[in-house]
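Here's the structure we're looking at; comments come further down.
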Amino acid sequence: MTIQTLSQGWTLQIAGEPHAVPAAIPGSLCGHLVAAGRLEEPFWREGTPEARALGAKEFIYCCRFVPEKGLLASPQKRLRFRGVDGLGEAELNGSPLGRLENTHRAYTFDVSRLLHPGENTLKLRLLPERAGVSRRAGFRAFGPRFPDGGIWRPVELAGLEGGEIADVALSQRHTKEGVELALALELVPGGEGVAYHASLTAPDGQERSFLPGGKPGEFRPMHWENPMLWWPRGYGGQPLYTLLVQAQKGERALHAKKLSVGLRSLKLCTGEGGLALEINGVRVFPMGALYVPPRRLGEPREKESRLLEHCAAANFNCVRVWAGGVYEEEAFYHTCDQLGLMVWQDLMFTPENQPVNQPLSRESAEEGEAEAADIARRLRHHPSICLWCGGSGTELANLAGSPRQRADHIRFYEYILPKTLARLAPEVPYWPATPSSGGGLDCPNSRERGDTHENQAGEPARFASQFGFGSFPCLATVERFTQPRDRNLSSPVMDAHQLSPGGTGAILAGLHQEYLHPHDFDTALYASQLLQARRVEEIVEGCRRNRGSCMGVLYDRLNDFMPCASRSSIDYFGNWKALHYFARRFYAPLLLSCQRGEKGIVLCVVNETRRPRHVLIAWALRDRACRVRREETITLTVPALESAWLEPIDLPELRETEDFLSYALYENGTNLSFATMLFTPPKAYAFSNPGLSCRLEGDQVVVRGEAYAQGVEIRSMGEEILLEDNYFDMLPGERRVKLLSGTPRALQVRSVYNIR
């Protein structure tokens, strides 16, 4: 097999205009035009009218290339577009190839009779958005205020002889004795005299070959005793085996495929209305957030791996790839494999782009089936793929639909999609939608069954799959898309970068419930992040305390696809908001949380590890001067994978506006967590001036305070920094925080006391 990637020699021209601009592939329409100086950065301020008008234009991509000699000598020649966003029409040397109508699919064309020696010309015409309907990346309906599109994944030419390996499927059946592995190959037609070899290599170097079956390309099942199992993060290791399949013709290597695979059993448990994932016989508790495309289509890919590393750093064990985005590249899922991050994989169907908004045509059904087949083949070998989900919000959208629409919904999401996925990836369970109670359009979003969106504090669901609260990004991020005169919470520019449900009004309403009115723009940004973090924390800890009844929690969302106010915990430029630091604490495998009771408090320890934990709890009721009014230490053993509730503690002496609670968790003398709780909104509590100061000592920031401080933020007034902890509570004294990355400049520190 000969592969030639067509990444150079491309130009982009707006139809009807005389001049074309260079277009590096992969890329996007906006990216090409910005790079050529033909368009201002669309994220700057309110965006430009030129960017907003792009959807009405027709674009022509053109590439002139010379095929490689080895490719021309191949009997079969194929052209593959791995990803085009928009409604495209392709032609080679003036001959039409076909239409490209789905952002989420790859398109392959046979060009054996069209490709010739010397210069060839490949064109892709992208039609105006009004010219037809195509399957687009869904976040355009929620995010950037400008249309985009283009060739956002590579374009490749392949020269084939026949007999090459088109696809590899490895199935697993786990028993007490080990795992039985079955290998199936899909081959390119036309191969004669080709021999196939397959081997599996364990992380410790042990290698075993699959024995050939009755026909070329067939293999007998392999039994592996005591396999090294892949576990989600926090439950065990992530050993990955190497599967190598080779095609050989005589003495010549024809083709090879190498895959990294994990061995694990997987089951979806839905008894008694619950929704739980069982991996290797253990019911795990997914903890994480929704993931959205972190960049414009076609931009460099560095952001994805950094975001996943940030997930691991904040104790995530799961990400939900949201239906309003795109299916990510294999590198994304491989990183999830390595980090032990379970992937709840939405199929890219939302109420805005689902095929059943109109009567379900044969073409729409076939296109949906083909898309599901493509993604199943591409991702099924990744152990991190733990759940397929039919779409997001689709059941709620079709609940009040016509009888025809409801019937089409059930046919598409409960028959066509699961049948296709079960045929190609039978070990990965399927869930018809989110939220859903299991199908049939039967009470989606019920708190008693399945998964639920928009959870409320104090009412844990069976699985909290999407909820959140909006906040503004930090000042350094706002400065990158505004001018000084724009820096007002309600300015048109800030409104243009507002993606929180309910907008700025919802954030301000929440702020006025909890905090004093911020005295300036910068303080308002800080206060909004604290509010967001506290509200999400309350829901997450409520879900975790009820482990067993609730079996998963995923907040909305991890990241942004544009600089904006949103529900994210990491902003567009990669800065951690207060919520991500909070997540590092509330997703800790061993969690101490506190709930307000009828007459006092109730403490609970959650152990999300596979071994019992022996812990010490120290709590104290303190006055505003931090003097202890009452305190207690408690020791207990928390069983593996359980939550342990302590006896309620009555506090008859409590003065709600003058006292606060501190509570800490220790194991083997090591302090694992410290937190405080007020019994009134912060705006009603009479904080003393903590007199905060900070200094840098080596790789540590030392914070000193003279009184109780809540929501302590360390910030650098130059480059953004990443810290071991931030937005924390502290008692009088010093707190040392390790600097993880960045160069601190003009360090400052503030707390809730400064919101005045």
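Can you give the percent of C-alpha pairs in the chain whose distance is more than 42 Å?
Roughly 35 percent, rounded to a whole number.
For the range 617-689, which chymotrypsin sites (Phe, Trp or Tyr not before Pro) are both in a DSSP coil and crowded by at most 16 other Cβ atoms within 10 Å?
Nothing satisfies the criteria.
How many angstrom separate the Cα center of the range 2-61 from the Cα center of the range 600-648?
Taking the Cα centre of the range 600-648 as reference, the centre of the range 2-61 is 58 Å away.
What's the center-to-center distance, using Cα atoms, between the range 508-539 and the range 243-321 in Å?
35
Tell me which GluC sites (Glu not before Pro) from the range 680-731 have a DSSP coil assignment and no more than 11 other beta carbons within 10 Å of their own.
Of the GluC sites (Glu not before Pro), the ones in loops of the range 680-731 whose Cβ has at most 11 other Cβ atoms within 10 Å are Glu719.
Across 5 Å bins from the origin, how do the percents of Cα pairs in the range 151-219 run, short distances first?
4, 12, 18, 20, 16, 12, 10, 6, 2, 0
Name the shape class, rounded, prolate or oblate, that the alpha-carbon gyration tensor gives for the range 126-273, where a ≥ b ≥ c are the square roots of its eigenvalues, rounded holds for a/c under 1.5, and otherwise prolate holds if a/b is larger than b/c and oblate otherwise.
Oblate is the answer for the range 126-273, as a/c is 1.5 or above yet b/c matches or exceeds a/b.
Give the angle, between 0 and 90 degrees and rounded to the nearest 10, that separates the Cα long axis of helix 521-545 from the longest principal axis of the Cα atoms of the chain.
Helix 521-545 and the main axis of the chain meet at about 80 degrees.
Hey, got a sec? Which trypsin sites (Lys or Arg not before Pro) in the range 1-68 land in a DSSP loop and have at most 15 other Cβ atoms within 10 Å?
Arg38
Considering only protein heavy atoms and a 1.4 Å probe, what is the carbon-and-sulfur percentage of the accessible area of the range 266-385?
Within the range 266-385, the accessible surface is 48 percent carbon and sulfur.
Kirkwood hydrodynamic radius, computed over distinct alpha-carbon pairs, for the range 510-627: how many Å, to one decimal?
16.6
Work out from phi, with θ = phi - 60° and the Karplus expression 6.51 cos²θ - 1.76 cosθ + 1.60, the ³J(HN,Hα) of each residue of the range 67-77, listed in order in whole Hz, and give x for Gly and Pro.
Residue by residue, the range 67-77 yields x, 5, 4, x, 6, 5, 7, 6, x, 10, 10 Hz.
I need to check one value: relative contact order of the chain, counting alpha carbon pairs closer than 8 Å and at least 6 residues apart, in percent.
Relative contact order of the chain: 9 percent.
First compute the accessible area of the range 522-633 with a 1.4 Å probe, then give the percent of it belonging to carbon and sulfur atoms.
After summing per-atom areas, the C and S share lands at 42 percent.
How many Å² of accessible area per residue for the chain, probe 1.4 Å?
40
Would you work out the charge dipole size for the chain about its Cα centre, treating the Cβ of every Lys and Arg as +1 and the Cβ of every Asp and Glu as -1, and quote it to the nearest 20 debye?
Result for the chain is approximately 280 debye, rounded to the nearest 20.
List the residues whose amide H sits under 5 Å from the amide H of Arg320, counting only those 5 or more places along or on another chain, with H placed 1.01 Å from N in the peptide plane.
The answer is Ala289, Leu290, Tyr291, Trp344.
Using the structure shown, list the pairs from Lys303/Lys738; Lys69/Lys249; Lys303/Lys683; Lys176/Lys258; Lys303/Lys419 with a Cα-Cα distance above 30 Å, or answer none.
From the list (Lys303/Lys738; Lys69/Lys249; Lys303/Lys683; Lys176/Lys258; Lys303/Lys419), the Cα-Cα distance tops 30 Å for Lys303/Lys683; Lys303/Lys419.
With point charges of +1 on the Cβ of Lys and Arg and -1 on the Cβ of Asp and Glu, referenced to the Cα centre of the range 570-668, which listed residue (Thr609, Gln595, Tyr572) lies farthest in the positive direction of the dipole?
Positive-most Cα among the choices belongs to Tyr572.
For the range 392-538, calculate the relative contact order in percent as a whole number, restricting contacts to Cα pairs under 8 Å that are 6 or more residues apart.
17
Got the relative contact order for the range 452-572 handy, in percent, Cα pairs under 8 Å and 6 or more residues apart?
41
Cα centroids of the range 699-720 and the range 147-211: how far apart, whole angstrom?
Computed from Cα coordinates, the inter-centre distance equals 52 Å.
Using only Cα atoms, find the angle between the long axis of helix 362-379 and the longest principal axis of the chain, and express it within 0 to 90 degrees, rounded to the nearest 10.
So the inclination is approximately 70 degrees.
Expressed in nm², what is the orientationally averaged projection area of the convex hull enclosing the Cα positions of the range 197-297?
11.4
How would the range 645-724 be classified by its alpha-carbon gyration tensor: rounded, prolate or oblate, with rounded meaning a/c under 1.5 and the a/b versus b/c comparison settling the rest?
Oblate shape, in that a/c is at least 1.5 and b/c is the bigger or equal ratio.
The values are calculated or read from the model by the stated rules, or taken from the named source; none is laboratory data. Keep in mind it's a predicted model, so treat the numbers as computed, not measured. With ideal geometry, Cβ positions are generated from the backbone for all residues, glycine too; neighbour counts draw on all protein chains shown. All accessible areas refer to the heavy atoms of the entire protein, side chains included, with ligands and DNA or RNA removed. Shrake-Rupley method; radii C 1.70, N 1.55, O 1.52, S 1.80 Å.
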